[in-house]
1. T333 - would you say it is open to solvent by 20 Å² or more (accessible area, probe 1.4 Å), farther than 25 Å from T232 by Cα, touching a residue at least 12 places away in the same chain (Cβ under 8 Å) and in a helix (DSSP H, G or I)?
2. Look at L315 and say whether it is under 27 Å from S229 (Cβ atoms), in contact with a Phe, Trp or Tyr (Cβ under 7 Å, 6 or more places away or on another chain), in contact (Cβ under 8 Å) with a residue 24 or more places away in the chain and surrounded by 16 or more Cβ atoms within 10 Å (Cβ to Cβ).
3. Anything in the range 469-492 that is closer than 25 Å to N429 by Cβ and under 24 Å from the mean Cα position of the chain (by Cα)? List them, or say none.
4. How about the range 458-545: which helices (runs of 4 or more DSSP H) wholly inside it have at least 1 residues that are of a type in the set (S, T, N, Q) and either open to solvent by 30 Å² or more (accessible area, probe 1.4 Å) or over 24 Å from L421 (Cα atoms) (or both)?
5. Does E172 fit the bill of being touching a residue at least 12 places away in the same chain (Cβ under 8 Å), under 23 Å from V126 (Cα atoms) and not basic (K, R)?
6. Please pick out the residue among T232, T241 that is hydroxyl-bearing (S, T, Y), open to solvent by 60 Å² or more (accessible area, probe 1.4 Å) and modelled with pLDDT under 95.
7. Hey, Y486 hits all of (1) farther than 27 Å from L236 by Cα; (2) touching a Leu at 6+ places or on another chain (Cβ under 8 Å) but one; which does it fall short on?
Amino acid sequence: MSPSNKQTQLIVGGLAASALVAYFIWYSSSRSKSKSPSTPKGKGSSSNDFDTPQVSNKGKDIHLRIEEMDKEGKRLFKKKQYLEAAQIFTDAIALIEAQETRSSSLARQYITLVNNRSAMYEKGGVPDLALEDCATILAEDVGHIKARMRRLRVLESEEKWQEALVEMCALELKFMQDNRDKIRMGINVTPPVPHSKLEEILQKVIPIEVEKQMKINDKLAEKERPLPSKHTILQLLQSFTGYNTWMAAAAKEGSVETLTKQLETTKDPVKRASLLYKRGRRFAYDRDFMASRRDFEEAMALGVEDLPDDEFARLLEWTGMVRHWSYNLDGATKCYERCSDLEPLNASILVKRAGVKMDSGRHEEAMALFDTALGLDPDATDALLHRANLFMLQQKPVEAKADLEHCLQLRPDNLLARLRLATVLMATNDLEGATEALDKAEQVDPNSSEVHSYRGEMHFAQGQFVEARAEFDRASECDPTSATPYVNAALALMNTPPAPGKVPDAPEAIRLLEKAIEVDPKFHAAYVHLGQLKLSMATDLVAARKVLDLYDRGLEHCRTPEETKDICGMRILTLAQIDAATMLKMESFGMQ
């Protein structure tokens, strides 16, 4: 129903759940060239945040004085006199700083005391000073777990989510680096912070970044909003019963060249509006949808309503469609509502209005419009087909199936209805019924790329990745302009168990994903998966940063908040990983 091609998203979304590598797996064999001083490991809980200074025989007097001060600080801590304890630790730190030379034991005591003072600042409600002390410790020992745990807690309490995410990534990287061998052997090791914490922090950061990116994209699109791919627009147009009718009319009205010559010879607003409407439709016939949109918008800008026959209503309908494609949902709604005022019994316009409501997330309003359309015409196949989409979004497969079966009773040759019925049956684990639906769809159109894509998805769901890849390849052969089969083929390839001693053919998967972007630069799922795969293969931070450039390219093409969220989330996490690796002084990493 929507220009975001929910059918395509369903296919890719169904595969993505088991695709590619986890966010952090590429770090599991990271190599760091830093040599951090060893530090006593702590769990980071409030009661265990203290370290105890170690006394050496050399310079015993100062060590004993520091030990006594440390005990006094801890005594004050137990009495919850946190800032008084912090002052004691400060005095002890000053003793060390006053020494002309600092032995290794004093250096260790210095870190211990700063850590203890940091704990007091955290407990005493002085977060800035707690963070300063954490920075001092980490400048000496990047792997100091207690300091990093405290820094994470303070940043969370201050709602500094981006910095907290980087710190969380640093903790995960350090943990995986320290436990690399155990992880490789399959030994269960508990991380210092649960991975769910990373997801929690990530969800705090994403909405902020999505809002920023949407504002950037809106500013870039002030002159001309981007459109989805030609393949997606064509699928949307073909989902309506009026497709063949307007195609035939556009073919009869003359070529673009003929209509352009007529436009050049008249200045009459009525005639120009009529000719722009016809040329816009002809551009759509020729699949030049950008030019089509420009003509419809120019015709609307003339403000002429007294066009011949029903041309003004059709101009409103087409302008509504091109605005919907552009994700100008308010503009689309205005056109469709004006059209409904002129043609209150036109069920197809109500269906298009419902589609805008669906893309706005206003599902109840969309359902009301579908119901109104079917009240006008209980056999309105457009309404049945697209309401089935809404039922699936609402996780109501029984209702979706009923609508699709009704639609097919009325139009047995409706390819899209048969494909969507197969989707519903797959979702309810009726694989036999889904296979039958796809067989009938293939009888309608033996060369349908979508039929092979759906068959591939069914194989994928059953873990038959080789068979799935073969079907996705056939889909690409049938329609090289569709990005979906290339992405799905890459996912099938990466999920295919390699031969003994071999690894998945990542270069081929990258080629497929890059091909998807080549045929459809706006296919956001390709950027998400390609970025993950390239990050898993990055052998240094320079290569990892190139993944950020890839995500930036993808963000430029995002039209909806949902698309922006997907890529933004991956970019945020990738940047946090790189920043964390930099903090830990890691220079290279890889899967070797």
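1. For T333, the condition - open to solvent by 20 Å² or more (accessible area, probe 1.4 Å), farther than 25 Å from T232 by Cα, touching a residue at least 12 places away in the same chain (Cβ under 8 Å) and in a helix (DSSP H, G or I) - is not met.
2. When the stated conditions are applied, L315 passes them.
3. Those that are closer than 25 Å to N429 by Cβ and under 24 Å from the mean Cα position of the chain (by Cα): R469, F472, T484, P485, V487, N488, A489, L491, A492.
4. 484-495, 524-537
5. Judged against the criteria, E172 is not a match.
6. Unique residue meeting the criteria: T241.
7. (1)
Residue-wise test of (1) surrounded by fewer than 21 Cβ atoms within 10 Å (Cβ to Cβ); (2) touching a residue at least 24 places away in the same chain (Cβ under 8 Å); (3) of a type in the set (G, A, S); (4) in contact with a strand residue (DSSP E or B) (Cβ under 7 Å, 6 or more places away or on another chain).
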site	(1), (2), (3), (4)
T258	yes, no, no, no
K267	yes, no, no, no
S274	no, yes, yes, no
R282	no, yes, no, no
R293	no, yes, no, no
L302	yes, yes, no, no
T319	no, no, no, no
R338	yes, no, no, no
D341	yes, no, no, no
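The values are calculated or read from the model by the stated rules, or taken from the named source; none is laboratory data. Owing to the predicted nature of the structure, the values given are computational and were not obtained by experimental measurement. Here the Cβ is made from the backbone with ideal geometry for all residues, glycine too, and neighbour counts use every protein chain on show. When the accessible area is computed, the model is the full protein with side chains, heavy atoms only, and any ligands, DNA or RNA have been set aside. Shrake-Rupley method; radii C 1.70, N 1.55, O 1.52, S 1.80 Å.
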